[in-house]
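Beneath this line is the structure, given in C-alpha cells, with notes to follow.
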Amino acid sequence: MNAATQLNTQSMQSMQSAQLKDKVALVTGASSGIGHASAIELARRGAKVVVAARRKPELDALVEAIRAQGGEAAAVEADVTREDDIRKMVDFTVATYGRLDIAFNNAGTEGVFAPLTEQTDATYDKVFDPNVRGVFHSMKYEAEVMLRQGSGSIINNASMGGVIGFENAGLYIGTKHAVIGMTKTASIEWFRRGVRVNALAPGLIETPFLHRGIWPSAEAMYDFAAGTPAGRVGSAQEMATIVAFLASDDASFVSGHALVADGGYSVA
C-alpha cells in the first residue's frame with residue numbers, strides 16, 4: 001500500500017481524534033476533491049462540519065458518510081459567486097452550531113487555458129468571480145463571526161500557481177496570486193484579534209478538478225508528474241491533513257502563510 005492510499009484509508013476510519021473537538025468548521029466546494037476530503041478529515045478530528053457547494057445531492061451523501069463514521073455534519077447549498085448565498089451559508093452555520101471556528105474556502109474554478117491575448121472579459125469574469133470575489137466575500141462574512149468571538153482560523157485554497165507562473169494560464173494564475181495577497185493582508189488585520197488566515201497552495205493533486213480541461217489526457221498528466229521531485233501527483237487526503245493542521249492549535253503561531261504542497265515542483 002503506497003502512502004497516498006494509506007492516507008485515504010485512514011481518512012475513512014472511525015471518527016476518533018479529538019484534536020478539533022467542539023470546533024465548528026465550514027468547507028466550501030465540499031462536493032468533491034480537496035474540499036470533500038477536508039470535510040471528512042476535520043470531522044474525523046472532532047469538528048462539527050458544515051459542507052457547502054452547488055451540488056446538494058453530493059453534499060447530502062457526504063453528510064451521510066460523515067455521520068456513518070460517528071461525526072457530525074450538515075449541508076447547505078451555496079454558489080460562491082453569489083454574495084447572498086455566502087451570507088446565508090455563514091448564517092446557516094452559526095444557526096446550526098452556534099459559532100464558526102474554522103473556514104476552508106476551497107470552492108473555485110480552473111478557468112480557460114489559452115494565451116493571454118486570446119482571453120476575454122467573459123473568461124475573466126468566469127474565473128475571477130468564484131476564485132477571487134468568492135473568497136473575498138467568504139472571508140468577509142466568516143471574519144465577522146470570528147472577530148466577534150475573538151478566535152478563528154480561515155484557510156483559503158490557492159495553488160502553487162499563486163507563487164509561480166504557467167504558460168497559457170494567465171487569468172487563473174492571477175486569481176491565485178490575488179488569493180494569497182488577500183490572505184496575507186487579512187492576516188495582518190486580524191491576527192491580534194484572534195483570527196488566523198492562511199492559504200493552502202497545492203500542486204498536482206488527483207481530483208476531478210485536475211482532469212477538467214487542463215491536461216490533454218490522464219497519461220500526459222502522469223507523465224508530467226513523473227518528472228517532478230515527488231515523481232507523482234498528490235492526493236486530496238494529503239491536502240486535507242494540511243488543512244486540519246492549519247485549522248488546529250498546532251498552527252497557533254502561523255498566519256499569513258501560503259503553505260506550498262506541490263511535491264517540490266515550484267522549487268525544482
**OP:** Could you run through the range 21-46 and say how many residues are within 16 Å of the chain's Cα centre (by Cα) and part of a loop (DSSP other than H, G, I, E, B)?
**Re:** 4
Original post:
Considering only residues of the range 77-133 that are within 18 Å of PRO208 (Cβ to Cβ) and among the small types (Gly, Ala, Ser), which is modelled with the lowest pLDDT?
Top reply: GLY111
Original post:
Among ASP85, ASP60, which is of a type in the set (Asp, Glu), under 25 Å from GLU144 (Cβ atoms) and either surrounded by 17 or more Cβ atoms within 10 Å (Cβ to Cβ) or over 17 Å from the mean Cα position of the chain (by Cα) (or both)?
Top reply: ASP85
Original post:
So which pairs qualify, if the first residue must be in the range 51-66 and in a helix (DSSP H, G or I) and at pLDDT below 95, the second must be among the aromatic types (Phe, Trp, Tyr) and surrounded by fewer than 16 Cβ atoms within 10 Å (Cβ to Cβ), the Cβ gap must be under 6 Å, and the two must be at least 6 apart or on different chains?
Top reply: none
**OP:** Examine the range 143-158 for a residue that is among the hydrophobic types (A, V, I, L, M, F, W, C) and more than 24 Å from ARG87 (Cα to Cα), and state whether such a residue exists.
**Re:** no
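Among the residues of the range 82-92, is any within 22 Å of ALA201 (Cα to Cα) and not charged (D, E, K, R)? Don't jump to the end; show me each part of the working.
Initially, the range 82-92 is screened for residues within 22 Å of ALA201 (Cα to Cα), giving none.
Checked against the condition, which is being within 22 Å of ALA201 (Cα to Cα) and not charged (D, E, K, R), the range 82-92 yields no hits at all.
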Original post:
How many residues are surrounded by 24 or more Cβ atoms within 10 Å (Cβ to Cβ), closer than 19 Å to HIS177 by Cβ, among the polar types (S, T, N, Q) and in contact with a Lys or Arg (Cβ under 9 Å, 6 or more places away or on another chain) if we restrict to the range 101-156?
Top reply: 1
Subject >> Tally, over the range 19-57, of residues that are under 26 Å from THR81 (Cα atoms), among the charged types (D, E, K, R) and surrounded by fewer than 18 Cβ atoms within 10 Å (Cβ to Cβ) >> reply: 3
Subject >> Hits in the range 173-209 - residues which are at pLDDT below 95 and either buried (at least 20 other Cβ atoms within 10 Å of the Cβ) or among the aromatic types (Phe, Trp, Tyr) (or both) >> reply: GLY203, LEU204, ILE205, GLU206, THR207, PHE209
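The values are calculated or read from the model by the stated rules, or taken from the named source; none is laboratory data. All values derive from a computational prediction rather than experimental measurement. Virtual Cβ from ideal backbone geometry, glycine too; neighbours counted across all protein chains shown.
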